Amino acid sequence: MPTTRTQAFQLKPSNSSLMTEVESIIAEAAKLPLRDAAFSLWRQRPRLDTLEGPPMTPAEIGIARALSPEERSLKVRFNRDHAQDGATFDRLKRAYPQASDTEIKLAIIAAVRFDDACFKYFTVDSTDYWRRVVRAVALAQRQENPGYLEGTYQTARNHVAYYMK
């Protein structure tokens, strides 16, 4: 039984159930068009990173805790700027083994740009919250023109609504 909060978060289910969940997420993405799949896997990367990544060592936890807010921000920005070369590429390639590396990288770049634009266009004011969410995603859709399925736009609206509350 974990004795501290940190220990509780380090416990993970068995490898077979982890892989089943990862495989399920990737299989669902494979049912979507390539660009929609890239957005889906990009948005689910925190969960996938948790499932697929090795647990952090005590030394890594110490290093992560010692990062300044500026250093954390730089790390996040670097990962976003190079998403097409990271774990999202590998996951999308598993969902779309027949797609070329260039197609996959372009789909990931478009997904990250669209995701960024959704949050960029969200305004903080006193108007109706959901209307601001819908407006932000609609503006991002017009600006980035990703050509996603309606379900992907709904997912984007839900993510903006959740994270901007």
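The values are calculated or read from the model by the stated rules, or taken from the named source; none is laboratory data. Not measured: the values here are computed from a predicted model. Glycine also receives a Cβ, built like all others from the backbone with ideal geometry; neighbour counts cover every protein chain displayed.
Structure data summary
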quantity	calculated
Cross-chain or 6+ apart pairs with Cβ under 9 Å, region 89-109 first and more than 17 Å from residue 149 (Cα to Cα), then buried (at least 20 other Cβ atoms within 10 Å of the Cβ) and of a type in the set (Lys, Arg)	106/35
Single condition residue 137 does not satisfy, out of (1) surrounded by 10 or more Cβ atoms within 10 Å (Cβ to Cβ); (2) free of Cβ contacts under 8 Å to residues at least 24 places away in the same chain; (3) out of contact with any Cys (no Cβ under 6 Å at 6 or more places or on another chain)	(3)
Odd one out for residue 124 among (1) surrounded by 15 or more Cβ atoms within 10 Å (Cβ to Cβ); (2) more than 20 Å from residue 32 (Cα to Cα); (3) of a type in the set (A, V, I, L, M, F, W, C)	(1)
Selection status of residue 160, surrounded by 20 or more Cβ atoms within 10 Å (Cβ to Cβ) and free of Cβ contacts under 8 Å to residues at least 40 places away in the same chain	no
Options 105, 120, 165; residue that is modelled with pLDDT under 95 and of a type outside the set (S, T, N, Q)	165
Search result, residues across region 53-62 that are in a helix (DSSP H, G or I) and loosely packed, with under 11 Cβ neighbours inside 10 Å	58, 59, 62
Options 111, 161, 138; residue that is of a type outside the set (S, T, N, Q) and within 18 Å of residue 26 (Cα to Cα)	111
Unique residue being among the charged types (D, E, K, R), loosely packed, with under 12 Cβ neighbours inside 10 Å, closer than 21 Å to residue 156 by Cα and under 14 Å from the mean Cα position of the chain (by Cα) when the list is 77, 113, 91, 131	77
Filtered residues of region 139-156 (kept if over 10 Å from residue 121 (Cβ atoms) and either under 16 Å from the mean Cα position of the chain (by Cα) or not charged (D, E, K, R) (or both))	145, 146, 147, 148, 149, 151, 152, 153, 154, 155, 156
Filter result for the condition that a residue is among the hydroxyl-bearing types (Ser, Thr, Tyr) and closer than 19 Å to residue 46 by Cβ, over 121, 153, 162	162
Among residues of region 142-156, those that are at pLDDT 95 or above and surrounded by 17 or more Cβ atoms within 10 Å (Cβ to Cβ), counted	5
